[in-house]
Amino acid sequence: MSWFYAFDLFGVAVFAITGALMAGRKSMDLFGVMVIALVTALGGGTLRDAILDNHPVAWIRNDLYILVAVLAAVGTIVWVRFTRPIHETGLLIADAFGLAVFTVIGTQVAMAQEVPASAAVIMGVMTGVAGGVMRDIICNEIPLIFQKEIYATACIAGSLVYIVLHQIESPTGFDVTVAMLTVLVIRLAAIRWHLGLPRFHLLDGKPRRDNQ
């Protein structure tokens, strides 16, 4: 099994866990949990491959992706059922790991299609965030990407780091590791210290900047 394939399956498992946790917070039944887990785990990659015309998408070529997502969701249900509920911070941390893995994988897949660097960054961000956006919208939550804490910015940083390291032909695996750590560290720092970009408000028709 290649490291790329292993990381991809790891990302599927992690995002499936976040989907199952979100569904549990909404008190969904078993079917609902599975649907949310699959959408979260496979949504970003499916959208990326559809845009890049990379057919058939990974989970259609290989049913191990669906199997891993389902097992991760079931394992989450069992864990929470027989231990204790996972705090919201746990959900955010799990999401951060999935975000790091999928961002770099999405960038890699796009670069393999020889698209421009800007498109590779967009595909990386899309792979990282799209599944979570679908999860949150279905669960009637404001997607994390639209909230004040740094989210997509971490993906952009990690994607750019990967592209630069790849272009200068860094040692095999070094570019992937550093890029994933970039996304993970930025996102975890944002969660820990509530870091965010300046917000823009319109009050009475007048713009006001807010650094919340």
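The values are calculated or read from the model by the stated rules, or taken from the named source; none is laboratory data. Just so we're clear, the structure is a prediction, and the values are computed from it rather than from any experiment. Note: ideal-geometry Cβ built from the backbone for every residue, glycine included; neighbour counts use all protein chains shown. Surface areas here come from the heavy atoms of the whole protein model, side chains and all, with no ligands, DNA or RNA. Shrake-Rupley method; radii C 1.70, N 1.55, O 1.52, S 1.80 Å.
Direction-averaged projected area, Cα convex hull, the range 1-104: 6.7 nm², rounded to one decimal.
Once you wrap a convex hull around the alpha carbon atoms of the chain, what is its projected area averaged over all directions, in nm²?
13.5 nm²
Per residue, the accessible area of the chain comes to 53 Å², computed with a 1.4 Å probe over protein heavy atoms only. Here the extension length gained between N140 and N62 equals 25.0 nm, from 0.36 nm per residue of separation less the Cα-Cα distance. A quarter of the convex hull surface defined by the alpha-carbon atoms of the range 137-180 gives 3.9 nm² as the mean projection. Relative contact order of the chain, taken over Cα pairs closer than 8 Å and 6 or more residues apart, is 21 percent.
With the simple model of a label 7 Å out from the Cα in the direction of the Cβ, Q147 to A6 spans 3.2 nm. If the segment from A119 to H201 were pulled out straight at 0.36 nm per residue, it would be longer than the present Cα-Cα gap by 26.6 nm.
Carbon-plus-sulfur accessible fraction, the range 40-172 (probe radius 1.4 Å, protein heavy atoms only): 66%.
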